[in-house]
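K.L.:
Provided herewith is a single structure, encoded as structure tokens, for subsequent inquiry.
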Amino acid sequence: MSNNTEKLSKVIALVNQKGGVSKTTTSINLAMGLSLRGYDVLLVDGDPQASSLDWATVREEADIDLGFTVIGVPKTNLAKEIAKIKSKYDFVITDSAGRQSELTRLALVACDIAIVPNTTSPLDAWATKATIASINEIQSYRDFSAYFLLSGVKKNTKIFTEVKDWLAATYPLPILDTVIELRTAYARCLGEGLSIFEYKDDHGKQDKKAIAEVDALIDEILQREGMTE
């Protein structure tokens with residue numbers, strides 16, 4: 001978007017106190033997908049493990065243009081820092097901490113849209129409880145949207161249907177229609193400092209299904225939030 005126009009200043013937080021639910025993968029690919037559409041994007045790494053920052057370092061060392069800004073704020077000033085700088089960007093994507101409830105809460109305090117990635121492991125579904133409790137608590141005094149995202153899953157399986165139905169019956173959060181399936185390309189691209197939009201396999205092929213999933217996720221978020229292009 002041109003610098004003359006006012007920024008959208010929308011903050012999207014990827015939150016789940018359970019680790020290993022692809023928060024970082026989704027954060028990076030969301031940031032890149034939005035950046036490729038011409039939005040000014042900031043990716044905030046709010047996790048002490050600093051996986052998004054590690055990815056950015058690999059990328060810079062390989063002399064690949066980042067495409068968007070990445071900063072690390074894995075501290076108690078997370079919400080204040082985001083509030084201070086969000087007006088400079090169309091989208092701020094927060095890759096929040098796993099297991100650290102206070103940092104998860106701060107990511108929620110600063111967001112306009114919370115996305116809770118969930119795999120189809122029943123253990124993950126149970127662990128989501130604490131995150132939903134934080135969302136409910138913070139939504140009681142400030143307004144923001146919250147959605148489940150089923151990610152790292154195999155769609156055509158019994159467990160996928162069971163966990164999806166269980167989430168829908170147990171929690172009031174809407175589940176996004178877009179599903180991010182379990183694909184090798186997602187894991188491999190990050191290790192190379194790439195996004196899914198740039199990654200090619202050993203045969204020089206892109207994973208078009210994965211790219212389509214991330215694009216569909218962006219389209220759905222923009223549509224649900226009334227920001228359709």
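K.L.:
Name every residue in segment 209-229 that is modelled with pLDDT under 95 and either loosely packed, with under 12 Cβ neighbours inside 10 Å or among the polar types (S, T, N, Q) (or both), in order of residue number.
P.N.:
Gly226, Thr228, Glu229, listed by residue number.
K.L.:
Can you tell me which residue among Glu81, Glu102 is within 24 Å of Ile132 (Cβ to Cβ), without any contact (Cβ under 8 Å) to a residue 40 or more places away in the chain and open to solvent by 10 Å² or more (accessible area, probe 1.4 Å)?
P.N.:
From the options Glu81, Glu102, the qualifying one is Glu102.
K.L.:
Within the set of pairs 6+ apart or on separate chains, which have a first residue in segment 174-194 that is farther than 24 Å from Ala56 by Cα and without any contact (Cβ under 8 Å) to a residue 40 or more places away in the chain, a second that is open to solvent by 20 Å² or more (accessible area, probe 1.4 Å) and among the hydrophobic types (A, V, I, L, M, F, W, C), and C-beta atoms under 8 Å apart?
P.N.:
Ile175/Ala168
K.L.:
Moving on. Which condition breaks for Pro117 when tested against (1) open to solvent by less than 10 Å² (accessible area, probe 1.4 Å); (2) closer than 14 Å to Ala13 by Cα; (3) assigned to a helix (DSSP H, G or I)?
P.N.:
(3)
K.L.:
Anything in segment 187-203 that is in contact with a helix residue (DSSP H, G or I) (Cβ under 6 Å, 6 or more places away or on another chain) and open to solvent by 20 Å² or more (accessible area, probe 1.4 Å)? List them, or say none.
P.N.:
Across segment 187-203, the qualifying residues are Leu190, Phe197.
K.L.:
Further question: Among the residues in segment 135-154, are any at pLDDT 90 or above, among the β-branched types (Val, Ile, Thr), under 25 Å from Ala210 (Cβ atoms) and crowded, with 16+ Cβ neighbours inside 10 Å?
P.N.:
Within segment 135-154 (the criterion being at pLDDT 90 or above, among the β-branched types (Val, Ile, Thr), under 25 Å from Ala210 (Cβ atoms) and crowded, with 16+ Cβ neighbours inside 10 Å), the answer is no, since none of the residues qualifies.
K.L.:
Out of all the residues in segment 77-92, is one or more touching a helix residue (DSSP H, G or I) at 6+ places or on another chain (Cβ under 6 Å) and modelled with pLDDT of 95 or more?
P.N.:
For segment 77-92, residues touching a helix residue (DSSP H, G or I) at 6+ places or on another chain (Cβ under 6 Å) and modelled with pLDDT of 95 or more: present.
K.L.:
Any idea which residue in segment 158-186 is farthest from Arg224 (Cα to Cα), counting only those that are open to solvent by less than 50 Å² (accessible area, probe 1.4 Å) and among the hydroxyl-bearing types (Ser, Thr, Tyr)?
P.N.:
Selected residue: Tyr186.
K.L.:
Still on this structure, I have one more. With respect to the numbered conditions (1) touching a residue at least 40 places away in the same chain (Cβ under 8 Å); (2) open to solvent by 20 Å² or more (accessible area, probe 1.4 Å); (3) part of a loop (DSSP other than H, G, I, E, B), which one is the sole condition not fulfilled by Gln206?
P.N.:
Just one mismatch for Gln206, condition (1).
K.L.:
Take Ala133 and tell me if it is in contact with a strand residue (DSSP E or B) (Cβ under 7 Å, 6 or more places away or on another chain) and assigned to a helix (DSSP H, G or I).
P.N.:
It is false that Ala133 is in contact with a strand residue (DSSP E or B) (Cβ under 7 Å, 6 or more places away or on another chain) and assigned to a helix (DSSP H, G or I).
K.L.:
If you go through segment 32-56 one residue at a time, how many are in contact (Cβ under 8 Å) with a residue 12 or more places away in the chain and in a helix (DSSP H, G or I)?
P.N.:
The total comes to 10.
The values are calculated or read from the model by the stated rules, or taken from the named source; none is laboratory data. If you're wondering where the values come from, they're calculated on a predicted model, not measured in any experiment. Methodologically, a virtual Cβ is constructed for each residue, glycine included, from the backbone with ideal geometry; neighbour enumeration extends over all protein chains shown. Each accessible area value is taken on the protein alone, full model and side chains, heavy atoms only, with ligands, DNA and RNA left out. Shrake-Rupley method; radii C 1.70, N 1.55, O 1.52, S 1.80 Å.
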